[in-house]
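Asks: Questions regarding the structure given below will be posed in turn.
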Amino acid sequence: MNDLVLVTGGAGYIGSHCALALRAAGYLVVVLDNLDGGHEQAIRGNGVEFVHGDLKNFQDVLGVFRRYNVAAVVHLAAKTEVEQSMTVPWKYYYNNVYGTLNLLSAMLSNGVDKIIFSSTAAVYGEPKYTPIDEEHPCCPINPYGRTKLIAENIFDDYYRAYGLKSVRLRYFNVVGADELGRIGEWHEPETHLVPNILKSLFPAQPDIHGPRLGDFDEDGNEIKRIFTVYGNDYNTKDGTCVRDYVNVLDIASGHVLALRYLLGGGNTDYFNLGTEEGNSVREVLSICEKITGMEIPIKISPRRAGDPAILVANNSKAKAVLGWSPEKTLEDSIKSAYEWEKILHRGLSGA
Ligand SMILES: NC(=O)c1ccc[n+]([C@@H]2O[C@H](COP(=O)([O-])OP(=O)(O)OC[C@H]3O[C@@H](n4cnc5c(N)ncnc54)[C@H](O)[C@@H]3O)[C@@H](O)[C@H]2O)c1
């Protein structure tokens with residue numbers, strides 16, 4: 001009998017890729033999602049069961065455990081917009097912390113004691129050194145990161161008190177899409193660099209940043225959308241911020257390995273999922289130009305508060321303990337993200 005895994009947030013970007021990878025690895029998958037940020041289309045036809053429910057509603061969560069024989073939980077459901085978390089922090093604490101407490105209560109009352117948790121590099125805060133390993137101090141600088149660290153602390157306390165075992169995966173910047181074009185990144189609004197660069201290449205979508213490439217002014221002249229780069233005076237290779245971009249398929253395989261580890265008797269622990277490679281914003285832009293064959297004009301604006309110069313993972317612990325190793329390059333990720341953007345654009349514009 002195959003183990004059944006509950007994936008919270010499985011209709012979202014990373015969750016839908018994890019659900020597919022878990023199915024491919026032979027697990028039965030039930031997705032619980034309130035569709036606040038996810039899309040039912042992201043799981044439709046993918047061989048997973050879908051329960052429309054909210055982690056903030058204890059009866060919704062309990063109902064899933066009563067109905068299904070859950071062996072372990074992969075918990076991705078969260079509100080994830082860093083800037084929004086600074087203006088409406090209560091939503092983040094309510095959803096991400098209270099929702100997690102409900103989930104854990106339902107798990108424990110049904111004898112389920114294994115969970116994989118989506119954590120983030122944001123738990124580290126301003127880096128004191130780089131690459132960042134798991135022993136780096138955790139000092140998140142925004143409410144989003146704090147909700148994730150609070151959840152991690154709860155897992156530690158629940159392990160000591162109730163024996164609940166967790167693997168917390170601290171992802172760095174997740175990019176890319178399913179290479180068959182079934183699913184991809186689909187946030188509204190989109191706050192991540194790569195999809196925003198790619199979106200700027202498609203006309204006639206809701207425009208939050210100004211004119212788009214391919215738009216025309218009254219005289220028929222093409223209006224070039226100017227992509228804003230925040231800060232070019234960082235102490236990095238070309239002055240722009242450097243991040244560790246990890247492919248969503250590698251992230252999904254990390255969840256499969258983490259699940260096998262826990263189900264195979266592995267202990268409660270936490271791991272970075274990153275590539276150990278840093279790419280600057282300028283480098284990302286130039287790979288996007290190469291892959292799309294389009295020029296992307298930029299303008300430089302002042303630095304944004306809270307953007308560290310460099311965030312790169314040390315991933316040796318995940319390699320050594322989980323046997324995880326990222327396989328995709330940033331070019332692979334941008335290629336699949338571009339193919340996905342085309343599909344999304346065709347779907348959204350009805351073309
Ligand atoms: N995208 C990244 O680069 C990144 C980096 C680090 C960590 N993470 C973490 O990975 C996880 C997934 O991120 P994503 O980018 O796929 O986000 P996403 O918004 O696409 O997916 C989150 C999903 O959770 C669901 N959800 C939210 N609150 C819920 C609730 N109370 N009950 C039920 N469902 C709920 C949403 O509807 C959505 O489908 C999040 O926990 C996020 O913090 C993401």
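The values are calculated or read from the model by the stated rules, or taken from the named source; none is laboratory data. Note that the structure is predicted; figures quoted are calculated from it, not measured. Cβ sites come from the backbone with ideal geometry, for glycine too, and all protein chains shown count toward neighbours.
Asks: Take the conditions outside the structural domain of V123 (by TED's automatic domain parsing) and of a type in the set (K, R) and apply them to K237. Does it pass?
Replies: yes
Asks: Something else about it: All but one of (1) under 21 Å from the mean Cα position of the chain (by Cα); (2) surrounded by 17 or more Cβ atoms within 10 Å (Cβ to Cβ); (3) of a type outside the set (D, E, K, R) hold for V88; state the number of the condition that does not hold.
Replies: Here V88 meets the rest and fails (2).
Asks: Scan region 96-110 and report the pairs whose first residue is at pLDDT below 95 and near the ligand (Cβ under 9 Å from one of its atoms) and whose second residue is of a type in the set (D, E) and not in a helix (DSSP H, G or I), with Cβ atoms within less than 8 Å and a gap of 6+ or a chain change.
Replies: Sorted first by the residue in region 96-110, then by its partner, the list stays empty.
Asks: Among the helices (runs of 4 or more DSSP H) confined wholly to region 68-140, which include 2 or more residues that are closer than 18 Å to F58 by Cα?
Replies: Fully inside region 68-140 and qualifying: 89-92, 99-109.
Asks: Looking only at region 21-40, which residues are more than 7 Å from the ligand (Cβ to nearest atom) and surrounded by 14 or more Cβ atoms within 10 Å (Cβ to Cβ)?
Replies: Result: A21, L22, R23, A25, Y27, L28, V29, V30, V31, H39.
Asks: Additional query: Just one of (1) in contact with an Asp or Glu (Cβ under 8 Å, 6 or more places away or on another chain); (2) in contact (Cβ under 8 Å) with a residue 60 or more places away in the chain; (3) of a type outside the set (A, V, I, L, M, F, W, C); (4) within 14 Å of the ligand (Cβ to nearest atom) trips up G53, so point out which.
Replies: The number of the failed condition is (2).
Asks: Ok, one more. Of these, A78, A72, which one is closer than 30 Å to G181 by Cα and within 13 Å of the ligand (Cβ to nearest atom)?
Replies: None of the others qualify; the one that does is A78.
Asks: Of the residues I287, I298, which is at negative phi and either at pLDDT below 95 or charged (D, E, K, R) (or both)?
Replies: Criteria check complete, one pass: I298.
Asks: What residue, of K335, K299, K290, K342, is of a type in the set (D, E, K, R), over 15 Å from F172 (Cβ atoms) and assigned to a strand (DSSP E or B)?
Replies: Exactly one residue qualifies, and that residue is K299.
Asks: Being within 15 Å of the ligand (Cβ to nearest atom), outside any loop (DSSP other than H, G, I, E, B), β-branched (V, I, T) and at pLDDT 95 or above narrows it down to one of V167, V256, so name that one.
Replies: V167
Asks: Right, something else. For residues that are outside any loop (DSSP other than H, G, I, E, B) and modelled with pLDDT of 95 or more, tally how many sit in region 212-251.
Replies: Of the residues in that region, 9 qualify.
Asks: Looking at V281, V312, V321, which is the one that is over 30 Å from Q41 (Cα atoms), surrounded by 15 or more Cβ atoms within 10 Å (Cβ to Cβ) and touching a Gly at 6+ places or on another chain (Cβ under 7 Å)?
Replies: Being over 30 Å from Q41 (Cα atoms), surrounded by 15 or more Cβ atoms within 10 Å (Cβ to Cβ) and touching a Gly at 6+ places or on another chain (Cβ under 7 Å) holds for just one of V281, V312, V321, which is V312.
Residues are listed down the side, and each one gets a yes or a no for (1) out of contact with any strand residue (DSSP E or B) (no Cβ under 8 Å at 6 or more places or on another chain); (2) surrounded by fewer than 23 Cβ atoms within 10 Å (Cβ to Cβ); (3) on the phi < 0 side of the Ramachandran plot:
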residue: I226; (1), (2), (3): no, yes, yes
residue: Y230; (1), (2), (3): no, yes, yes
residue: D233; (1), (2), (3): yes, yes, yes
residue: T236; (1), (2), (3): no, yes, yes
residue: D244; (1), (2), (3): no, no, yes
residue: N247; (1), (2), (3): no, no, yes
residue: V256; (1), (2), (3): yes, yes, yes
residue: L263; (1), (2), (3): no, yes, yes
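Asks: Check whether at least one residue in region 152-165 is small (G, A, S), surrounded by 24 or more Cβ atoms within 10 Å (Cβ to Cβ) and touching a residue at least 40 places away in the same chain (Cβ under 8 Å), and report yes or no.
Replies: The answer is no; no qualifying residue exists.
Asks: Provide a single number: the residues in region 56-66 that are within 9 Å of the ligand (Cβ to nearest atom), farther than 18 Å from D113 by Cα and of a type outside the set (K, R).
Replies: 2
Asks: Conditions: (1) assigned to a strand (DSSP E or B); (2) surrounded by fewer than 20 Cβ atoms within 10 Å (Cβ to Cβ); (3) away from the ligand (no atom under 14 Å from the Cβ). G45 meets all but one. Number of the miss?
Replies: Checking G45 against (1) assigned to a strand (DSSP E or B); (2) surrounded by fewer than 20 Cβ atoms within 10 Å (Cβ to Cβ); (3) away from the ligand (no atom under 14 Å from the Cβ), the one that fails is (1).
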